Structure formats: structure tokens, C-alpha cells
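The block underneath contains the structure these notes are about, expressed in C-alpha cells.
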Amino acid sequence: SLVPKNVAKYIAMTDGTMDLEEVFKPTKRFTVCLSSDWRGFQEIAAKKDPKFVENLFQKFYNEVFLELDRIFPDGNYYADWTADELFIIFFSNDENDTELMKNSLEFAHIYATEVFSKINTNLDINLQYDIGMSSGIGLLGLQGPEKLKKTTITGESAGKAKRLESEAKN
């Protein structure tokens, strides 16, 4: 989860001979960011057995990553999740903004419809979640403190996606 899937494959093939900071240097790129948050997670966590919640995470994120890998087979996304919060950065290496936006919107549609339906049909829960998306140029790559760098984006699109997701609750 440190780097996008396509970068992780590259790192694995080089068997540690590459400097990680050189592999995914922060670079200005066109990106699409998706921010999502479950509604009522604190209530779910308080009322349900922890094993149920862990199973819910597993089933939910398995569905999410199946669709991500299907739509983005080259791994041009970075997904980070913490409990009920999901943040995905979609990016392109060839600056094909149209294709990136088309694929990102396809994922968002499937996430909002098919993933939603599968989770609510197969598990004993009425899970709802909010989604915000935004696109733009941002600095994407390994960033942060020297010993704890991780993939992140610095730019307006990330914050805007989070604000839109928060607005969806209203």
C-alpha cells in the first residue's frame, strides 16, 4: 500500500537495487481523486461484533479492488483506506486525460451501483456511503518525512474531492 500497484511491480522486479525515491518521484500530473466515507460507521462499530465489522471490511474492499483492477489493469491508481474511509488517486503516465476521466467515472459508477448492491445484498447490513470526485493537476509521488514517505498528492483536487464527499452527507 506504499505505492501504486504498477510501481510496486517495478520495485519487486528490481529486487531492491533501485532507490525508492527515484522510482516514484513527486511529479506534476493530471489526476482524478475519489474520496468516500461510510455513513454511520461509529454506530456500526458500536452495535456490531468486531468480527462482523472486520468481515464487512474484507468483503467491501475485496469488491472495490476487484473493480479497480478490472478497470485499471495497469495499476495506474493509488488506493488508501482507513476503516470506512477510502481515498483513490487515478493517474495516467501518458497524459491521456480523456481516457483517465472515462475510466475513473466508470469506476465511480460501478462503486456507487454494483459494489453497493453486492454488499447490501450479501451481508446483513444497509451500508451507505458518500462519494466525492475531483480532477486536476497535482504533485503525485512519494512524499512526507524521510523515513515515512508514502504516495500522496499535493494539490487542489484531493481536498476538493474530500469536501464534495462531505457535502454529499447533507
So which pairs qualify, if the first residue must be in segment 35-54 and closer than 17 Å to GLN128 by Cβ, the second must be surrounded by 15 or more Cβ atoms within 10 Å (Cβ to Cβ) and of a type in the set (Ser, Thr, Tyr), the Cβ gap must be under 6 Å, and the two must be at least 6 apart or on different chains? SER36/TYR129; TRP38/TYR129
Options SER134, SER117, SER92: the member that is among the hydroxyl-bearing types (Ser, Thr, Tyr) and without any contact (Cβ under 8 Å) to a residue 60 or more places away in the chain: SER117
Those residues that are in contact (Cβ under 8 Å) with a residue 24 or more places away in the chain and surrounded by fewer than 15 Cβ atoms within 10 Å (Cβ to Cβ), I need them from segment 70-87; list them, please. ASP74, ASP80, ALA83
Given the criterion of a type in the set (Asp, Glu) and closer than 25 Å to LYS169 by Cα, identify the matching residue among GLU99, GLU54. GLU54
When segment 82-122 is checked residue by residue, the ones that are touching a helix residue (DSSP H, G or I) at 6+ places or on another chain (Cβ under 6 Å) and of a type outside the set (Asp, Glu) are PHE90, SER92, ASN103, PHE107, ILE110, VAL115, LYS118, ILE119
Among (1) buried (at least 16 other Cβ atoms within 10 Å of the Cβ); (2) at pLDDT below 95; (3) assigned to a helix (DSSP H, G or I), GLY138 falls short only on (3)
Mind telling me which of the residues PHE52, PHE90 ends up being open to solvent by less than 60 Å² (accessible area, probe 1.4 Å), among the aromatic types (Phe, Trp, Tyr) and within 22 Å of SER166 (Cβ to Cβ)? PHE90
When the residues of segment 74-118 are filtered to those that are in a strand (DSSP E or B) and aliphatic (A, V, I, L, M), which remaining residue is farthest from GLY132 (Cα to Cα)? ALA79
Against the definition (of a type in the set (Gly, Ala, Ser) and modelled with pLDDT of 95 or more), how does SER92 come out, yes or no? no
Answer residue from segment 141-162, given it is open to solvent by 40 Å² or more (accessible area, probe 1.4 Å) and within 16 Å of the chain's Cα centre (by Cα) and is modelled with the lowest pLDDT among those: LYS150
Restrict the check to segment 154-166 and report whether at least one residue is polar (S, T, N, Q) and either without any contact (Cβ under 8 Å) to a residue 24 or more places away in the chain or touching a helix residue (DSSP H, G or I) at 6+ places or on another chain (Cβ under 7 Å) (or both). no
Could you tell me which residue of segment 119-129 is modelled with the lowest pLDDT, considering only residues that are over 21 Å from ILE71 (Cβ atoms) and not in a helix (DSSP H, G or I)? ASP124
Which count do you get for residues in segment 55-69 that are surrounded by 17 or more Cβ atoms within 10 Å (Cβ to Cβ) and within 27 Å of LYS28 (Cβ to Cβ)? 1
Sort out which residues of segment 102-122 are among the aliphatic types (A, V, I, L, M) and open to solvent by 30 Å² or more (accessible area, probe 1.4 Å), and write them in order of number. LEU105, ALA112
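The values are calculated or read from the model by the stated rules, or taken from the named source; none is laboratory data. Note that this is a predicted model, so its numbers are computed, not measured. Here the Cβ is made from the backbone with ideal geometry for all residues, glycine too, and neighbour counts use every protein chain on show. Quick note on the areas: whole protein, heavy atoms, side chains included, nothing else; ligands and nucleic acids left out. Shrake-Rupley method; radii C 1.70, N 1.55, O 1.52, S 1.80 Å.
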